[in-house]
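Any read-out appearing in this document is the output of simple, stated calculations on the displayed coordinates, not a laboratory observation. No experiment lies behind these values; they were computed from the predicted model shown. With ideal geometry, Cβ positions are generated from the backbone for all residues, glycine too; neighbour counts draw on all protein chains shown.
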């Protein structure tokens, strides 16, 4: 099968090394699809250009001569000038048409499009209609609340127009794949689509293959009495990730006699605030800020850790990649959650769920698991065993491949 992997809007930069979490997601899906024998070509829009890659190592700029010079280019400039002068809403019209034409030009003869959904990215939907092939949307979150938390949400007429345009892309999809059951429910609620076309396929973790059981603390039985409890956080430093809640909980746990050290692995807009809070809480000797690290560079932190945390505050995390990495690393995970989420953590069996934004509850969980070696070891072992059977990227992509093949077969009848 020939699969066009599309990313018009909300693109993780797959050209930059080390790869971010979302970019690594794209890489693993791309590679595993190829391992299953499919031909895959990635087409994405970034830096005002459209890029193409058949291997995620070499990237070529895609040229659309008809739209880049002559009357069409002049027409675009005139329309953009009128839009600017009259302060009309942004439509992403020319970007979407250019992306659609790039799809038709570079992916002629392909069987299916698989697009990582972004806000106002409707070029893939246009191309699928022109070419008469199905398009599958991949959903990894809820865009509007995330834009609001970053202070980048559209307002007024721009919100109205951009919502309509994004809805048009949603309506073009033959199937929608959500990265978690919670995202599936949120997507159906947000866009009022038929629930039958929205399915859930959990993401995977590269660490299932990269780390063996023999490397993991929960399988090695090397605990020592009075050892400092090592806690790890991996991810972005954004307002909804709840790192200040974690730091306050850690300070409370230390006051209750727990000897601990936290490795905060990542970076983001909250870094300055986090550094200030570390100082205010007198946690300088208890916290290490590593900066952004690629998975291969933070493996040693996970292998040595006793506990992992996902302290989201302000946003429900339905299926974070960090949770799958923690499980693959055989770690007892403390995660913010409510109403049965996150489903990938089973409270008391593969991890521990606490209410979001509740430093006291998080502290209580840290103290409990810091003192109860048997409990945290059992949580970590069961989590790892489950990761081996459910959270490999191979397992994820086999499910995607089966879905694609059924869809292409149905569309050809």
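Structure notes:
- The chain: angle of helix 21-35 to the longest principal axis, Cα-based, in degrees nearest 10: 70
- Convex hull projection area averaged over all views, segment 1-109, Cα basis, nm²: 8.0
- Over all projection directions, the Cα-based convex hull of segment 207-390 averages an area of 9.2 nm².
- Mean Cβ neighbour count within 10 Å, used as a protection proxy, ranking 52-63, 160-171 highest first: 160-171, 52-63
- Normalised convex hull volume, the chain, alpha-carbon set, Å³ per residue: 143
- For the chain, the 222 nm mean residue ellipticity estimated from helices alone, with every DSSP H stretch of n ≥ 4 adding -39500 (n - 2.57) and the total spread over all residues, rounds to -14500 deg cm²/dmol.
- With 0.36 nm allotted per residue and the present C-alpha distance subtracted, the residue 388-residue 104 stretch has 98.3 nm of extension available.
- With the simple model of a label 7 Å out from the Cα in the direction of the Cβ, residue 378 to residue 130 spans 6.0 nm.
- DSSP bridge orientation in segment 207-390 - percent antiparallel, rounded to nearest 5: 5
- Compared with the alpha-carbon gap, the fully stretched path from residue 86 to residue 1 is longer by 25.9 nm at 0.36 nm per residue.
- Summarising the strand pairing of the chain, around 15 percent of its internal DSSP beta bridges are antiparallel.
- Separation of segment 118-143 from segment 216-269 is 39 Å, based on Cα centroids.
- Residue 347 paired with residue 20, simple spin-label distance in nm, labels 7 Å along Cα-to-beta-carbon: 3.2
- Angle between the chain longest axis and helix 93-106 axis [Cα atoms, degrees, rounded to 10]: 90
- Each Cα pair under 8 Å and six or more residues apart adds its separation to the average, and for segment 207-390 the resulting relative contact order is 26 percent.
- Degrees, to the nearest 10: 71-86 long Cα axis against longest axis of the chain: 60
- Along its principal axes, segment 215-307 has C-alpha extents of 38, 34, 20 angstrom, given from the largest down.
- Debye equation applied to the C-alpha atoms of segment 76-174, log10 I(q)/I(0) at 0.14, 0.17, 0.21 Å⁻¹: -0.59, -0.83, -1.10
- Note on segment 152-249: Cα-Cα pairs beyond 23 Å make up 60% of the total pair count.
- Most tightly packed first, judged by the mean number of other beta-carbon atoms within 10 Å of their residues, the peptides 253-261, 304-312, 179-187 read 304-312, 179-187, 253-261.
- Estimated translational diffusion coefficient (Stokes-Einstein, Kirkwood radius over Cα pairs, 37 °C, 0.692 mPa s) of segment 318-371: 291 µm² per second.
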